[in-house]
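*Asks:* This is the structure I want to talk about, given as structure tokens.
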Amino acid sequence: MNKGLFITFEGADGCGKTTQLMLIAKYLKEHGTDVLVTREPGAKGLGEKLREILLNYEGEVSSQAEAFLFLADRAQHMDVIIKPSVAAGKVVLCDRHTDSTVAYQGYGRGIDISRINMLNDIATGGRKPDLTIVFDVDVETSLARVGKEKDRMENAGMEFFNRVRNGYLQIAKQEPERVKVIDATQSIEAIHIQVIKLINLSR
Ligand code: TYD
């Protein structure tokens, strides 16, 4: 059986990670790899309900409650979808995971990072991604890409997204083996080639 792999795609809203995830999924499938594409928040089932609240609920949501909702989604996703798929030998490509909570709820909202790390550890049972790719782009570019139709998170403003971006760069500094940063202002094709290289190196 093939070795399963767990790869996460991270970056601020509008960084282009989802486009790259779809391109690499197609590439890997064409090369005979058994791939599972998934995302947080809200892969399926319970997760879809949590996603609806997280992105569209219009009442007040405290930062702590928001963090726990993302973490509830993660615990379910990890146990029901990610771990069994990796164990079955699939390459799991996940759009956002633990580092999103560190960057958004930790650096962005200001919740203590060591607490977020502890909660992430509980939600995942300590299973970290084998590879994480951060798509780094300046905030002006990413927010322009998101456009006018913003969801609850995307309405958080420029300062917030600067903190999120800086958060991702800090995470990459602290865990250089796992977390690789790609300059996401480059062309889609140039970025795709770098993603292929990183994934091939991790196999
Ligand atoms: P989504 O529409 O999936 O955006 P994107 O295409 O940018 O991934 O929305 C997910 C939003 O939730 C995004 O703004 C980031 C945010 N988020 C957190 O704040 N914390 C988390 O732990 C996760 C997984 C996502």
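Laboratory data are not the source of any read-out in this text; all were calculated from the coordinates shown. Please read all numbers here as calculations on a predicted model, not as lab measurements. Using ideal geometry, Cβ is built from the backbone for each residue, glycine included, and neighbour counts are taken over all protein chains shown.
*Asks:* Computed over the Cα atoms, what is the radius of gyration of region 128-197 divided by 2.2 N^0.38 Å, N being its residue count? Kindly include the intermediate steps, with their values, before the conclusion.
*Replies:* Details: Rg = 13.4 Å, N = 70, 2.2 N^0.38 = 11.1 Å.
For region 128-197, the normalised Cα radius of gyration is 1.21.
*Asks:* Output the relative contact order of the chain, whole-number percent, from Cα pairs under 8 angstrom with separation of 6+ residues.
*Replies:* 33 percent.
*Asks:* So, one more: Hey, can you list the DSSP H helices of the chain whose Cα span along the axis is 15 Å or longer and whose average Kyte-Doolittle score is at least 0.0?
*Replies:* Numbers: long enough: 17-30 (20 Å, -0.13); 46-56 (16 Å, 0.04); 63-77 (21 Å, -0.14); 113-124 (16 Å, 0.38); 158-174 (24 Å, -0.61); 188-201 (20 Å, 1.32).
Result, helices passing both filters: 46-56, 113-124, 188-201.
*Asks:* Also, quick follow-up: Among Ala88, Ala184, Ala144, determine the one that fluctuates most according to a GNM of the chain built with springs between C-alpha atoms less than 10 Å apart.
*Replies:* Among Ala88, Ala184, Ala144, the largest GNM mean-square fluctuation belongs to Ala144.
*Asks:* Here's something else I'd like to know. So if each residue of separation counts as 0.36 nm, and I subtract the Cα-Cα distance between Arg203 and Asp79, what length gain in nm does that give? Before the final figure, lay out each step's value.
*Replies:* Values: separation 124, 0.36 × 124 = 44.64 nm, distance 2.30 nm.
The Arg203-Asp79 span can extend by a further 42.3 nm.
*Asks:* Take Tyr57, project a point 7 Å from its Cα along the Cβ direction, then tell me which residues of region 113-153 have their backbone nitrogen under 12 Å from it.
*Replies:* none
*Asks:* According to a simple spin-label model (label point 7 Å from Cα along Cα-to-Cβ), what is the distance in nm between Arg152 and Gln174?
*Replies:* 2.6
*Asks:* Starting from the Cα gyration tensor of the chain, multiply each eigenvalue by 5, take the square root, and state the resulting semi-axes largest first in whole Å. Write down the numbers at each step before the final one.
*Replies:* Values: eigenvalues 123, 84, 51 Å².
Ellipsoid semi-axes (Å, largest first): 25, 21, 16.
*Asks:* Between Ser187 and Asp34, take the C-beta separation as r, use R0 = 25 Å, and let me know the FRET efficiency to the nearest 0.05.
*Replies:* 0.30
*Asks:* Hey, another quick one. Cα convex hull of region 14-118: how many Å³ per residue?
*Replies:* Values: hull volume 11.6 nm³, N = 105.
In region 14-118, the Cα convex hull volume per residue is 110 Å³.
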